[in-house]
Amino acid sequence: MSSKLIPSRSLFVSVALLMAGNGLLSIYLSVHMTLEAFPTPVIGVVMSAYFAGLVTGAFYGDRVIYRVGHIRAFAAFASVATSAVLMHGLFSWAPTWAVLRAVTGFAIAGLYVVIESWLNAHATRANRGRLFSLYMATSILALGLGQFLLNVGHPNTTDPIILAAVLLALCAVPVSLTRAVHPNLPERTTFSLRELFRRAPVAVLGALGAGLTGAAFVTLGPVYGVQSQLGIPGVSALMGVTVLGGLLLQWPMGSLSDHYDRKRMLVAVNFGVALVSLAILLSGTRSIPGLLALATCFGGLTYLLYPLSVSHANDLVDGPFFVQVSAGLLFAWGLGSAIGPLLAASVMAVMGPDGLFLYTMVLSVGLGVLAWTRQEAAVHTYAQSPFVALTRTTPVIAELDPRAGLD
């Protein structure tokens, strides 16, 4: 690793531990509640609470950092997240778990704010792109590998909870011991979602759809796997390849979008998600390798929706407003993420496990048609901003994006 990136090593270790623990907890809770015969709509409510807490913490968690500084705030958020995770093992009551999921989401968003503002402080014009790409790759890889940690202990025990809590607690160690200079937080971003929708409606629809589709699968994919009799190894493999598939298609499809109209790309990706969903509905679980291959494609396409939406919005909105635009799209994604599991769970309650992919198919077709019919200002491909693979965490990450043009 370049010497210019060495101060960030501790941050990347923290990111990996955080994402692995978070990924393990998410799949564990979905599987555990399914095995304990929680109604699917109840599972949807509990799991959607995490995203409500996450988007709230993304916009308001910085208040803690302003008061006590980055290291103290990171330690506090890590302690709250770890405590909330461990408390899942003390209760098995859905309302309590929903509150704990919201608290966990808020605390993890605070951890993201600290990490991303610190990375932004290390970023220069010379290394911003490498830092951003490495952060994104580390996040998705660790999240994907976290799914496979479900095999360490049976979901009917508290072993996965303890392991997830250990990973979240350990993520505070590298940051607490770092000698790097404390960064300054950027000014609070303000945005008008209505104005953003007026100028870039397809981008807003894309970000909303990314939340509606992606969060539904992340939270209810394990439910689908358990109800389809895949077994614990099969469920973890299904979720793991979906997340890792999101990493594999980022750069080739992103490069393609630099040469073609991004509105059409968003329409095509939505229809692609619908086609893959239909293929899974038709093939079912008769061939596990076939299901995993389709799940990889599903993850690759759904993970493209958000970065394509940000790139498309940046094509239509003036460069100085890039951070505000990203904040607006993050809010749209968070809104979709909080609603998606509720809607998908309702469909699954009626249709069974196949209801998950029936939901993603119908939703993606609807979003694709809406995106196709919306009128926007034309953008020539030579005038498009370059595609950048993105994570969906906090508004601070927008300042690390090379397109933000910050020193």
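May I ask you to say which residue of Gly57, Gly44 is crowded, with 24+ Cβ neighbours inside 10 Å, closer than 30 Å to Val347 by Cβ, out of contact with any His (no Cβ under 9 Å at 6 or more places or on another chain) and at pLDDT below 95? Give the steps one after another, and end with the answer.
Details: Gly44 fails: at pLDDT below 95.
On inspection, the qualifying residue turns out to be Gly57.
Given the criteria of a type in the set (A, V, I, L, M) and at pLDDT below 85, does Leu292 qualify? Working first, answer last.
Details: of a type in the set (A, V, I, L, M): yes; at pLDDT below 85: no.
No; evaluated as a whole, the condition is false for this residue.
Might you let me know whether region 137-156 holds any residue that is crowded, with 22+ Cβ neighbours inside 10 Å, of a type outside the set (A, V, I, L, M), modelled with pLDDT of 70 or more and in contact with a Phe, Trp or Tyr (Cβ under 9 Å, 6 or more places away or on another chain)?
yes
Do you know which residues across region 92-125 are assigned to a loop (DSSP other than H, G, I, E, B) and either touching a Lys or Arg at 6+ places or on another chain (Cβ under 7 Å) or modelled with pLDDT of 85 or more (or both)?
Trp93
Does at least one position in region 298-319 carry a residue that is over 14 Å from the mean Cα position of the chain (by Cα), modelled with pLDDT of 90 or more and under 26 Å from Leu141 (Cβ atoms)?
Checked region 298-319: at least one residue is over 14 Å from the mean Cα position of the chain (by Cα), modelled with pLDDT of 90 or more and under 26 Å from Leu141 (Cβ atoms).
Give region 320-372 a look and list any residue that's modelled with pLDDT of 90 or more and β-branched (Val, Ile, Thr), or say none.
Those that are modelled with pLDDT of 90 or more and β-branched (Val, Ile, Thr): Ile339, Val347, Val350, Thr360, Val362, Val365, Val369.
Report yes if some residue within region 189-202 is over 25 Å from Tyr303 (Cβ atoms), β-branched (Val, Ile, Thr) and modelled with pLDDT under 75; otherwise report no.
Looking for residues that are over 25 Å from Tyr303 (Cβ atoms), β-branched (Val, Ile, Thr) and modelled with pLDDT under 75, one finds at least one in region 189-202, hence yes.
Only one residue in Ala49, Ala20 is under 22 Å from the mean Cα position of the chain (by Cα), assigned to a helix (DSSP H, G or I), modelled with pLDDT of 95 or more and more than 21 Å from Gly225 (Cβ to Cβ). Which one? Explain how you work it out, then say what you get.
On the way: Ala20 fails: more than 21 Å from Gly225 (Cβ to Cβ).
Criteria check complete, one pass: Ala49.
Any residue at all in region 255-273 that is modelled with pLDDT of 90 or more and small (Gly, Ala, Ser)?
Yes.
Tell me, please, whether a residue that is closer than 17 Å to Leu163 by Cα and either of a type in the set (Gly, Ala, Ser) or at pLDDT below 95 (or both) can be found in region 61-77. Working first, answer last.
Within region 61-77, the subset closer than 17 Å to Leu163 by Cα is none.
Scanning region 61-77, I find no residue that is closer than 17 Å to Leu163 by Cα and either of a type in the set (Gly, Ala, Ser) or at pLDDT below 95 (or both), so the answer is no.
The values are calculated or read from the model by the stated rules, or taken from the named source; none is laboratory data. Just so it is clear, the structure is predicted and the values come from calculations on it, not from any experiment. For neighbour counting, all protein chains shown are included, and Cβ atoms are generated from backbone atoms with ideal geometry for every residue, glycine included.
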